[in-house]
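Below: the structure, in structure tokens.
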Amino acid sequence: MSVRPILRMGHPVLRRRADPVGDPTRPEIAALVEDMVETMQAAHGRGIAAPQIGVSLRLVVFHAPLGDENARGIEDAPLTVLADPVIEVLDPVMESDWEGCLSVPGMAGVVPRARAIRYRGLDLSGQRVERVAHGFHARVVQHECDHLDGILYPQRMADIGTLRFLDDESFED
Ligand code: NI
């Protein structure tokens with residue numbers, strides 16, 4: 001296991017459509033997921049996609065634990081591994097909220113996302129995972145799965161003018 005470098009916005013691997021995982025029970029996939037989890041936790045992220053550490057596979061890891069110090073009424077999503085995820089929008093009404101990304105360090109922006117989705121994928125044992133997600137949980141999954149299609153959150157922003165630096169304390173929201 002190791003903490004891997006996180007690719008930043010502009011890297012070509014972040015812009016391409018990732019390849020299917022296929023069989024997620026292969027040992028190299030388990031090793032990759034260990035690195036993804038360790039890298040995500042070291043960077044205090046809530047999710048990471050394999051392309052962010054330079055592996056162009058359709059594989060994401062995320063969690064949104066209750067009691068998080070930055071929580072804003074979020075719903076619980078346990079640490080989840082999803083291979084070859086598919087998202088179905090259940091409620092197309094868009095909700096806007098702040099997002100950040102480990103590949104866009106030090107910044108945040110307001111991003112509209114569908115407020116309710118169903119997602120499906122495979123876990124590391126090859127079992128099907130299927131969940132309905134609302135709110136923050138739905139937002140994290142949409143954000144991570146976008147990475148698999150080469151999309152970073154600024155490309156989803158309705159108003160790029162809300163993009164800001166997190167360390168700028170010279171003004172009030
Ligand atoms: Ni991200």
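The values are calculated or read from the model by the stated rules, or taken from the named source; none is laboratory data. None of the values given here were measured: they were computed from a predicted structure. Neighbour counts are summed over all protein chains in view; Cβ atoms, including those assigned to glycine, are modelled from backbone coordinates with ideal geometry. Just the protein is used for accessible areas: all its heavy atoms, side chains included, with ligands, DNA and RNA removed. Shrake-Rupley method; radii C 1.70, N 1.55, O 1.52, S 1.80 Å.
Selection of region 143-173 for residues being aromatic (Phe, Trp, Tyr) and assigned to a loop (DSSP other than H, G, I, E, B) yields only Phe171. Taken over region 82-91, the criterion of being over 12 Å from Ala138 (Cα atoms) and either open to solvent by 80 Å² or more (accessible area, probe 1.4 Å) or of a type in the set (Val, Ile, Thr) (or both) is satisfied by Val86 alone. Pairing residues of region 145-173 that are within 15 Å of Ser56 (Cα to Cα) with residues that are more than 14 Å from the ligand (Cβ to nearest atom) and aliphatic (A, V, I, L, M), at Cβ distances under 6 Å and at least 6 apart in sequence or on separate chains, gives Cys145/Ile87. Taking each residue of region 77-93 that is modelled with pLDDT under 95 and looking for partners that are not in a strand (DSSP E or B) with beta-carbon atoms closer than 7 Å, six or more apart or interchain, yields Ala77/His137; Ala77/Val140. The set of residues in region 7-23 that are open to solvent by less than 50 Å² (accessible area, probe 1.4 Å) and either at negative phi or at pLDDT below 95 (or both) comprises Leu7, Val13, Leu14, Ala18, Val21. The residue that is modelled with the lowest pLDDT, counting only those in region 24-45 that are in contact with a Gly (Cβ under 9 Å, 6 or more places away or on another chain) and not in a helix (DSSP H, G or I), is Gly45.
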